[in-house]
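Encoded as structure tokens, the structure appears first; notes follow it.
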2 protein chains.
Amino acid sequence: MFNSIALVGGTHGNETSGIQLINNWKKQGIPQRFNALNVALTIANEAALEANVRFIDEDLNRQFTMDALNTPRASKEALLAQSINNKFGPKGNAKTDFVIDIHNTTSEMGATLIILEADEFHIQLARFVKQQMPEANILVEDEKPYLEHGYLCTTGKKGVMIEVGGQPQGVLREDVYLLTQTMAEAILDFCIAYNNQQIETDALPACEAFRLGKNIGFPLDEKGKRIAMVHHALQDNDFKPLLPGSPMFRTFDGKDILWQGEKETYPHFINEAAYFKLDVAFATSERIML
Amino acid sequence: MFNSIALVGGTHGNETSGIQLINNWKKQGIPQRFNALNVALTIANEAALEANVRFIDEDLNRQFTMDALNTPRASKEALLAQSINNKFGPKGNAKTDFVIDIHNTTSEMGATLIILEADEFHIQLARFVKQQMPEANILVEDEKPYLEHGYLCTTGKKGVMIEVGGQPQGVLREDVYLLTQTMAEAILDFCIAYNNQQIETDALPACEAFRLGKNIGFPLDEKGKRIAMVHHALQDNDFKPLLPGSPMFRTFDGKDILWQGEKETYPHFINEAAYFKLDVAFATSERIML
């Protein structure tokens with residue numbers, strides 16, 4: 001049973017669509033069909049929002065490992081993480097049943113549901129969302145146990161992320177906003193159905209998903225400067241197959257660098273602005289069925 | 001005659017395409033056909049680039065009015081403006097014949113040449129660029145005299161801006177990069193032709209251009225909070241006609257707000273991230289022939 005749900009925007013202060021949805025629902029009330037759910041609406045990082053930046057000192061959405069939470073530090077986001085963990089968690093023994101954290105990306109990832117476990121519950125959730133929103137993508141980041149992630153949503157007993165793009169930082173696009181709202185509503189619809197014991201094993205059809213592989217960095221010279229950019233054939237093609245021998249980068253002197261994997265991969269977070277300083281060009285994934 | 005040209009990137013530190021072009025040409029040399037021109041390659045705001053932000057204290061590209069230059073202030077960008085003005089200018093009595101300042105925008109403006117005067121010289125330049133690059137847009141900001149603008153490029157005897165989009169801040173897209181390079185080369189090709197007296201009045205066909213009107217703000221509530229977003233029918237349609245009665249905003253409770261002008265306008269800088277904090281939704285313009 002979901003007795004308490006936290007719907008969160010503004011974990012990154014320049015990701016406007018989640019912030020706007022939270023503010024609109026605070027003002028208008030959440031849609032009436034969710035009245036049976038106890039949904040708390042939260043803006044996570046007001047200071048970052050005010051400054052129109054991703055974070056003030058460090059990325060809030062990496063501050064929720066057990067280690068980080070148990071090692072008090074003085075950065076704005078480390079302190080904020082403590083306070084959020086006290087509110088929703090404490091992580092591992094949480095008051096909150098389900099934390100849904102809303103993000104957006106400059107990558108053309110459409111409406112993506114990120115789940116951190118591929119257990120029965122999350123499989124049913126993914127299938128339900130995909131049935132209501134066939135255009136949605138399901139991304140599975142289960143490369144480590146749920147509680148080892150540093151994400152804000154892991155303060156809940158269960159936690160997922162909504163990730164919608166492409167949208168520039170600090171900009172609100174109507175299409176991205178509406179996809180965000182539709183996915184948030186689909187997840188809450190699932191919670192109602194789950195509480196009403198309307199979700200039966202194998203009643204929903206299996207669905208396509210993508211399991212996170214690894215980050216692929218930009219090619220750098222000996223001084224650490226980039227020598228290439230994302231190839232136009234890859235740009236904006238998130239979750240499309242990148243075949244062995246297909247171009248992924250173009251160097252500034254006009255040469256193509258090819259994907260050398262043994263089989264196709266499904267890139268995502270292609271050319272995401274927030275990973276630019278880290279020189280991450282995209283993440284790989286494998287197509288699976290849930 | 002153009003004896004000295006300054007090609008500038010990084011006036012805004014998170015506009016990557018101009019920065020990358022300058023760095024690549026510094027490394028590879030500028031294309032050989034421009035050897036006859038004396039082109040200085042400059043990164044304007046290294047500190048903002050390092051921080052991956054538009055500016056540190058205030059917008060550098062608004063610090064070049066005569067008033068601002070003659071009123072010493074202590075902000076990082078005010079000091080930087082003094083130094084740039086000493087290097088290229090002084091404004092009004094400039095050492096540099098032509099300053100070409102490269103920008104990018106989150107708006108879908110394609111490759112846009114911004115000129116600040118619609119005199120014979122700039123008309124020929126616009127026609128030449130448009131002939132080499134039919135996909136280019138020409139934007140005319142001549143609502144006040146050249147020297148009254150606060151733009152960096154006005155430190156030169158003549159100055160123009162290259163503005164290419166859509167590209168998120170802090171991201172380099174190959175398509176935007178290539179359009180930027182093509183337009184920079186077209187302008188330098190014009191300089192060569194001009195120096196060689198190959199530009200004859202009325203030899204080039206007249207071209208379409210857009211004359212800046214005014215900024216249109218987002219609708220706000222009594223507390224100054226937005227109540228609407230750019231309508232999906234307007235989003236990404238920079239320089240396309242917006243007809244009287246066409247939707248330009250959608251309110252968060254689902255109503256359309258229509259363009260009430262007496263005739264069509266040609267919006268641009270639609271939903272530009274840098275103007276988000278200013279609550280500017282787009283700028284209007286009138287279609288003219290040059």
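Please go through segment B:273-290 and give me each residue that is in a loop (DSSP other than H, G, I, E, B) and closer than 13 Å to B:Gly217 by Cβ, ordered by number. Correct list: B:Phe276, B:Lys277, B:Leu278, B:Asp279. Of all the numbered requirements in (1) out of contact with any Pro (no Cβ under 9 Å at 6 or more places or on another chain); (2) within 12 Å of another protein chain (Cβ to nearest Cβ); (3) touching a residue at least 40 places away in the same chain (Cβ under 8 Å), A:Leu290 misses one, and that requirement is (2).
Based on what the data block shows, is A:Gln131 open to solvent by 40 Å² or more (accessible area, probe 1.4 Å) and either within 30 Å of A:Phe239 (Cβ to Cβ) or not in a loop (DSSP other than H, G, I, E, B) (or both)? Judged against the criteria, A:Gln131 is a match.
Do we find a residue being among the hydroxyl-bearing types (Ser, Thr, Tyr) and either surrounded by 22 or more Cβ atoms within 10 Å (Cβ to Cβ) or within 14 Å of another protein chain (Cβ to nearest Cβ) (or both) anywhere in segment B:90-106? Within segment B:90-106, one or more residues are among the hydroxyl-bearing types (Ser, Thr, Tyr) and either surrounded by 22 or more Cβ atoms within 10 Å (Cβ to Cβ) or within 14 Å of another protein chain (Cβ to nearest Cβ) (or both). Checked against (1) in contact with a Phe, Trp or Tyr (Cβ under 9 Å, 6 or more places away or on another chain); (2) assigned to a loop (DSSP other than H, G, I, E, B); (3) within 14 Å of chain A (Cβ to nearest Cβ), B:Gly245 passes all but a single condition, namely (3). Quick test for you: out of A:Ile270, A:Ile257, pick the one residue that is under 20 Å from A:Arg54 (Cβ atoms) and either free of Cβ contacts under 8 Å to residues at least 60 places away in the same chain or within 13 Å of chain B (Cβ to nearest Cβ) (or both). None of the others qualify; the one that does is A:Ile270. Here A:Asp253, A:Asp236, A:Asp202 are screened, and the one residue that is assigned to a loop (DSSP other than H, G, I, E, B), at positive phi and open to solvent by 70 Å² or more (accessible area, probe 1.4 Å) is A:Asp202. Evaluation of A:Pro168 against the conditions (1) more than 22 Å from the chain's Cα centre (by Cα); (2) within 14 Å of another protein chain (Cβ to nearest Cβ) shows that the sole unmet condition is (1). Residues in segment A:193-212: is at least one among the β-branched types (Val, Ile, Thr) and modelled with pLDDT of 95 or more? No, every residue in segment A:193-212 fails to be among the β-branched types (Val, Ile, Thr) and modelled with pLDDT of 95 or more. Comparison of B:Asn93, B:Asn52, B:Asn35 shows that the only residue that is at pLDDT below 95, out of contact with any Lys or Arg (no Cβ under 8 Å at 6 or more places or on another chain) and in the same structural domain as B:Asp189 (by TED's automatic domain parsing) is B:Asn35.
Taken over segment A:60-80, the residue count meeting the criterion of being part of a loop (DSSP other than H, G, I, E, B) and exposed (fewer than 14 other Cβ atoms within 10 Å of the Cβ) is 4. Is there a residue being in a strand (DSSP E or B), touching a strand residue (DSSP E or B) at 6+ places or on another chain (Cβ under 9 Å) and either open to solvent by 10 Å² or more (accessible area, probe 1.4 Å) or at pLDDT below 95 (or both) anywhere in segment B:174-186? Looking through segment B:174-186, none of the residues is in a strand (DSSP E or B), touching a strand residue (DSSP E or B) at 6+ places or on another chain (Cβ under 9 Å) and either open to solvent by 10 Å² or more (accessible area, probe 1.4 Å) or at pLDDT below 95 (or both). Listed by first and then second residue, the pairs with beta-carbon distance under 6 Å, at least 6 apart or on different chains, first residue in segment A:8-29 and over 19 Å from B:Val230 (Cα atoms), second of a type in the set (Lys, Arg), are A:His12/A:Arg54. Restricting segment B:3-59 to residues that are within 12 Å of chain A (Cβ to nearest Cβ) and farther than 28 Å from A:Ala274 by Cα, which is most open to solvent (accessible area, probe 1.4 Å)? Filtering first and then ranking leaves B:Gln28. Against the condition more than 25 Å from the chain's Cα centre (by Cα) and among the basic types (Lys, Arg), how does B:Arg287 come out, does it pass? Here the answer is no, as B:Arg287 does not meet what is asked.
In segment A:158-165, the count of residues that are more than 14 Å from chain B (Cβ to nearest Cβ), in contact with a Lys or Arg (Cβ under 7 Å, 6 or more places away or on another chain) and either in contact (Cβ under 8 Å) with a residue 24 or more places away in the chain or more than 28 Å from B:Val230 (Cα to Cα) (or both) is zero. What are the residues in segment A:209-228 that are part of a strand (DSSP E or B), surrounded by 15 or more Cβ atoms within 10 Å (Cβ to Cβ) and under 26 Å from the mean Cα position of the chain (by Cα), if any? Of everything in segment A:209-228, those that are part of a strand (DSSP E or B), surrounded by 15 or more Cβ atoms within 10 Å (Cβ to Cβ) and under 26 Å from the mean Cα position of the chain (by Cα) turn out to be A:Ala209, A:Phe210, A:Arg211, A:Leu212, A:Gly213, A:Ile216. Of the residues making up segment B:112-122, not a single one is polar (S, T, N, Q) and surrounded by fewer than 21 Cβ atoms within 10 Å (Cβ to Cβ).
Taking the conditions exactly as written (within 30 Å of A:Phe276 (Cα to Cα), outside any loop (DSSP other than H, G, I, E, B), in contact (Cβ under 8 Å) with a residue 60 or more places away in the chain and under 15 Å from the mean Cα position of the chain (by Cα)), does A:Asp101 satisfy them or not? Taking the combined requirement at face value, the residue satisfies it.
When the residues of segment A:43-59 are filtered to those that are among the β-branched types (Val, Ile, Thr) and assigned to a loop (DSSP other than H, G, I, E, B), the one that is farthest from the chain's Cα centre (by Cα) is A:Ile56. Being touching a Ser or Thr at 6+ places or on another chain (Cβ under 7 Å), buried (at least 23 other Cβ atoms within 10 Å of the Cβ) and outside the structural domain of A:Asp238 (by TED's automatic domain parsing) is a condition met by at least one residue of segment A:142-153. B:Ala40 satisfies every condition listed in (1) part of a loop (DSSP other than H, G, I, E, B); (2) in contact (Cβ under 8 Å) with a residue 24 or more places away in the chain; (3) of a type in the set (A, V, I, L, M, F, W, C) except (1).
The values are calculated or read from the model by the stated rules, or taken from the named source; none is laboratory data. Just so it is clear, the structure is predicted and the values come from calculations on it, not from any experiment. Quick reminder, even Gly has a Cβ in these numbers, built from the backbone with ideal geometry, and neighbours come from all protein chains shown. Accessible surface is based on the protein model in full, side chains and every heavy atom, while ligands, DNA and RNA are left aside. Shrake-Rupley method; radii C 1.70, N 1.55, O 1.52, S 1.80 Å.
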